[in-house]
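The values are calculated or read from the model by the stated rules, or taken from the named source; none is laboratory data. Everything numeric here is computed off the predicted structure, so don't read it as measured data. Cβ atoms come from the backbone with ideal geometry, glycine included; neighbour counts cover every protein chain shown. Note: areas computed on protein heavy atoms with side chains; ligands, DNA, RNA excluded. Shrake-Rupley method; radii C 1.70, N 1.55, O 1.52, S 1.80 Å.
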Amino acid sequence: MCRIGKKFMVAGLLLVAAFAVVGCAKKDEKKVLKLGYASPGMQLAYHATAANYFEREAKKRGYEVMILDDQLSLTKCVENAQIVADAGCDVYMSVLAGTGAGDQIAQIMKEGGVQAIGVDIPIPGAPFFGCDSQYAGYIAGEALGQYAIDKWGPNPQIDLYISCEAWSNPEINDLRMKDGMLAGLRSKVNIPDSIYIANDIPNNDAEIAMKKTEDTINAHPEARHILVGCYVDDMAQGAEAVVEKKGMNDQVLIISVDGSILAINNFKNPNTSWVGATALTPEMYGYYLLNEIETWYNSGKTQPLPATWGVQHKVIGKDNYKEVLTELIAFAYPDYKVE
Amino acid sequence: MLKKAPGLTGRLQNKGVVYMAKVQSINLLTKVKSKMMGLSIFVFYIVFVIVMSFLSPYFFTPQNLLNILQYSAILGVLSVGMTIVIISGGIDISLGSMLIIIGIVVAKIIPPAGGVLLMSLVGVLIGTFCGLVNGLISTKLRVVPFIATLATMQIIQGIALLLAKGSNIPFNNQSFAMLGRGYVFGFFPISCIILIVVSILGIALLKLLPYGRKLLSVGANSTASSLVGINPDNVRLVAYIICGFCAGIAGIINTSQNSAGMVATGTNAGMNAIAASVLGGASMAGGKGSIIGALMGVIIINSITNGLNLMGISSYWQQVAQGAILVLVVSLNVLSGD
């Protein structure tokens with residue numbers, strides 16, 4: 001028995017040694033680029049799309065990827081950032097980090113030797129990638145103004161401008177809706193402050209957008225020409241529901257920034273008041289991010305990333321959404337079909 | 001008729017009569033005060049309507065009041081189910097997730113036209129099933145209802161997001177959209193009719209059926225109820241199933257209004273339903289609650305939102321106002337001894 005026991009011990013030790021050798025040998029192989037992408041909240045359709053396509057693109061290129069959900073919480077964001085650093089990732093990308101934990105996360109990444117990239121919201125000292133919120137809002141506002149001119153004649157009198165906003169994200173909201181959309185709209189039509197009503201729509205909830213838009217319209221029964229600008233498509237979906245319900249298709253025009261399946265589906269309705277949306281193409285985040293990250297990584301991390309880069313933005317409407325979206329997305333994803 | 005104090009004569013008898021009169025008037029005052037406090041929610045709403053009518057000329061109009069009713073349909077139906085669960089001594093915070101999954105599933109399978117009844121059945125079945133699961137976890141596995149429904153809330157939401165792959169799912173079925181957006185006779189919202197029918201059924205359940213009495217008994221004292229032959233677990237299980245059924249109906253109205261399965265819908269639905277039920281007099285300890293009270297709670301919550309929207313007041317203040325009113329009305333209910 002003693003001899004058999006000893007034999008088993010020796011066999012076990014040899015096995016452990018074999019694993020250790022193999023493990024060491026693996027470490028000597030070329031390390032695959034490892035990415036950590038923190039979505040602000042996977043229950044937000046826009047950010048879920050961006051994260052899902054990022055993962056798809058990363059896997060297509062043969063990289064390791066971790067997709068984390070910050071659950072709209074800065075505490076969770078910092079926790080996830082630490083996980084990314086501890087997991088030995090080469091790059092960390094986050095939307096939420098720049099909203100309040102930027103300095104802390106920048107420090108975590110510096111200590112972990114991880115390259116941070118601020119997505120949509122800048123992280124201090126890190127490169128920035130994302131949509132140009134101000135530009136996206138501006139071209140949407142400009143397009144809305146033009147639609148108003150086309151529908152109601154040159155110099156139309158606008159009686160009410162309802163801005164459906166997201167005050168929980170003040171930096172992007174102000175860029176998109178005030179510096180962007182309102183400025184773009186005012187470049188085309190007259191919008192005095194007295195007719196400008198801004199409504200906060202928490203969590204981009206379509207039902208809340210519906211209620212607030214209807215209440216605002218009801219509080220201005222004399223308004224005949226009404227414009228509605230929306231932070232995202234979800235809010236426009238709610239606003240459009242009100243217009244349909246009240247039969248005010250001739251009196252209201254709606255525009256949004258997003259250009260998701262909600263907008264596309266809506267454009268199929270010939271009577272819709274939802275006339276356009278700036279396509280932000282979250283599907284392309286991964287493609288454009290990884291193009292630059294790849295260049296940086298393959299240079300041995302010596303060639304710096306651009307200080308700022310992003311996706312293309314174009315306004316889509318019922319007449320051109322198929323062509324524009326195909327142009328913007330299908331070249332990278334041939335299976336992408338605009339139905 | 002004031003009673004004369006027995007065994008007293010002359011001046012003492014007169015003093016006794018005066019004393020009895022004072023005691024009786026104090027009792028009457030206390031009763032009136034108690035009744036007023038018990039009706040606090042109704043009193044509060046009347047006062048609120050009067051004040052809002054002065055602050056906004058658009059508040060007290062037939063169209064606006066109908067709007068408040070229409071937007072109360074989803075929360076109202078949820079509150080009927082929640083009140084029943086709260087009376088049984090439980091709670092269900094997974095209602096918001098049920099709204100999401102119902103919307104996603106219906107949006108995925110809905111035909112381009114028609115199929116209203118079938119889709120409604122699908123939504124109701126999903127909600128009822130979720131309620132059944134909640135009830136089984138709470139009663140058979142003996143998990144505390146808050147924890148049980150917290151867990152199912154996350155599970156249901158996760159499944160919904162998996163099905164939707166994180167994206168909203170719109171549809172163009174106009175006949176289905178009529179449920180949430182349409183009117184009868186050109187002015188009365190269809191969703192309100194649904195709310196009224198569900199409320200009547202809820203009231204009938206509590207007041208007319210033996211189950212209602214069992215529910216109140218179990219909620220008030222589970223041990224005593226079991227001693228008289230009532231099975232508390234079965235009563236509670238049925239309560240959760242009914243709550244899920246109501247969530248199914250609310251989910252259909254919600255999906256219809258949005259004409260889409262939305263991944264970020266039903267924000268705070270569960271909490272708002274609890275607030276409405278408590279505003280209406282339901283006791284979190286169980287054994288007490290009112291469907292009509294809950295509906296009043298819903299109307300108050302939506303009226304506050306509506307009134308402040310009409311006045312252009314920030315949604316942050318709306319949150320403060322809703323919380324303050326909840327504390328005020330519930331405090332009045334507690335002080336009245338209800």
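Mind checking which residues of region B:75-95 are within 14 Å of chain A (Cβ to nearest Cβ) and open to solvent by 10 Å² or more (accessible area, probe 1.4 Å)?
Of everything in region B:75-95, just one residue is within 14 Å of chain A (Cβ to nearest Cβ) and open to solvent by 10 Å² or more (accessible area, probe 1.4 Å), namely B:L75.
How many residues are more than 10 Å from chain A (Cβ to nearest Cβ) and either surrounded by fewer than 17 Cβ atoms within 10 Å (Cβ to Cβ) or part of a helix (DSSP H, G or I) (or both) when one looks only at region B:163-177?
If we filter region B:163-177 for residues that are more than 10 Å from chain A (Cβ to nearest Cβ), which is where we start, we get B:163, B:173, B:175-176.
From the residues that got through so far, the ones that are either surrounded by fewer than 17 Cβ atoms within 10 Å (Cβ to Cβ) or part of a helix (DSSP H, G or I) (or both) too are B:163, B:175-176.
Matching residues across region B:163-177 total 3.
Just to be sure, is B:I193 open to solvent by less than 70 Å² (accessible area, probe 1.4 Å), closer than 30 Å to A:G259 by Cα, β-branched (V, I, T) and more than 10 Å from chain A (Cβ to nearest Cβ)? It would help to see each step written out before you state the result.
Numbers: open to solvent by less than 70 Å² (accessible area, probe 1.4 Å): yes; closer than 30 Å to A:G259 by Cα: no; β-branched (V, I, T): yes; more than 10 Å from chain A (Cβ to nearest Cβ): yes.
Answer is no for this residue.
Please state which one of B:M284, B:M296 is within 15 Å of the chain's Cα centre (by Cα), assigned to a loop (DSSP other than H, G, I, E, B) and either more than 14 Å from chain A (Cβ to nearest Cβ) or at pLDDT below 85 (or both).
Numbers: B:M296 fails: assigned to a loop (DSSP other than H, G, I, E, B).
Residue meeting the stated conditions: B:M284.
Could you list, in sequence order, all residues of region A:306-322 that are small (G, A, S) and open to solvent by less than 60 Å² (accessible area, probe 1.4 Å)?
Passing the criteria: A:G310, A:G317.
Would you mind stating whether B:S315 is of a type outside the set (A, V, I, L, M, F, W, C) and away from chain A (no Cβ under 14 Å)? It would help to see each step written out before you state the result.
Working: of a type outside the set (A, V, I, L, M, F, W, C): yes; away from chain A (no Cβ under 14 Å): no.
No; evaluated as a whole, the condition is false for this residue.
So, in region B:30-48, of the ones that are touching a Ser or Thr at 6+ places or on another chain (Cβ under 9 Å) and either farther than 15 Å from B:A321 by Cα or not in a helix (DSSP H, G or I) (or both), which residue ends up modelled with the highest pLDDT?
Checked region B:30-48; the qualifying residue modelled with the highest pLDDT is B:S40.
Pick out, from region A:88-205, the helices (runs of 4 or more DSSP H) lying fully within it that include 3 or more residues that are in contact with a strand residue (DSSP E or B) (Cβ under 6 Å, 6 or more places away or on another chain).
Values: elements: A:102-112, A:133-152, A:170-173, A:183-186.
Per the criteria, A:133-152.
(1) touching a helix residue (DSSP H, G or I) at 6+ places or on another chain (Cβ under 8 Å); (2) among the aliphatic types (A, V, I, L, M); (3) open to solvent by less than 50 Å² (accessible area, probe 1.4 Å): which one isn't true of A:A87, the others all being true?
Answer for A:A87: the failing condition is (1).
For region A:218-237, give me each residue that is at pLDDT 95 or above, within 10 Å of chain B (Cβ to nearest Cβ) and over 24 Å from the mean Cα position of the chain (by Cα).
none
I'm trying to understand the selection: among the residues of region B:151-162, which are more than 8 Å from chain A (Cβ to nearest Cβ) and either buried (at least 17 other Cβ atoms within 10 Å of the Cβ) or in a loop (DSSP other than H, G, I, E, B) (or both)?
If we filter region B:151-162 for residues that are more than 8 Å from chain A (Cβ to nearest Cβ), which is where we start, we get B:151-156, B:158-160, B:162.
Selection gives B:T152, B:M153, B:I156, B:A160.
Which of the residues spanning region A:246-275 are closer than 16 Å to A:Q146 by Cα and open to solvent by 10 Å² or more (accessible area, probe 1.4 Å)?
A:D250, A:Q251, A:V275
Quickly run through region B:50-69 and pick out the residues that are within 9 Å of chain A (Cβ to nearest Cβ) and within 30 Å of B:G123 (Cβ to Cβ).
Of everything in region B:50-69, those that are within 9 Å of chain A (Cβ to nearest Cβ) and within 30 Å of B:G123 (Cβ to Cβ) turn out to be B:Q63, B:N64, B:N67.
Can you say whether B:G229 is open to solvent by 10 Å² or more (accessible area, probe 1.4 Å), farther than 26 Å from A:G247 by Cα and not in a helix (DSSP H, G or I), as far as the supplied structure shows?
Numbers: open to solvent by 10 Å² or more (accessible area, probe 1.4 Å): yes; farther than 26 Å from A:G247 by Cα: yes; not in a helix (DSSP H, G or I): yes.
Criteria met by B:G229.
Could you look through region A:276-305, keep only residues that are of a type in the set (F, W, Y) and open to solvent by less than 30 Å² (accessible area, probe 1.4 Å), and pick out the one that is farthest from A:Y135 (Cα to Cα)? Before you say what the answer is, go through the steps one by one.
Let us first name the residues in region A:276-305 that are of a type in the set (F, W, Y), namely A:285, A:287-288, A:296-297.
Now drop any that are not open to solvent by less than 30 Å² (accessible area, probe 1.4 Å), which leaves A:285, A:296.
Numbers: A:Y285: 17, A:W296: 27 Å.
Ranking the candidates gives A:W296 first.
Select from region B:295-334 the residues that are open to solvent by 50 Å² or more (accessible area, probe 1.4 Å), closer than 21 Å to A:A219 by Cα and small (G, A, S) and list them in ascending order.
Hit for region B:295-334 is B:G312, nothing else.
Could you tell me which residue of region A:34-75 is surrounded by the most Cβ atoms within 10 Å (Cβ to Cβ), considering only residues that are away from every other protein chain (no Cβ under 14 Å), of a type in the set (D, E, K, R) and in a helix (DSSP H, G or I)?
It comes out as A:E57.
With A:A219, A:A223, A:A209 as the choices, which residue is touching a strand residue (DSSP E or B) at 6+ places or on another chain (Cβ under 6 Å) and either farther than 28 Å from B:I252 by Cβ or open to solvent by 60 Å² or more (accessible area, probe 1.4 Å) (or both)? Break it down stepwise before answering.
Working: A:A219 fails: touching a strand residue (DSSP E or B) at 6+ places or on another chain (Cβ under 6 Å); A:A209 fails: either farther than 28 Å from B:I252 by Cβ or open to solvent by 60 Å² or more (accessible area, probe 1.4 Å) (or both).
The unique qualifying residue is A:A223.
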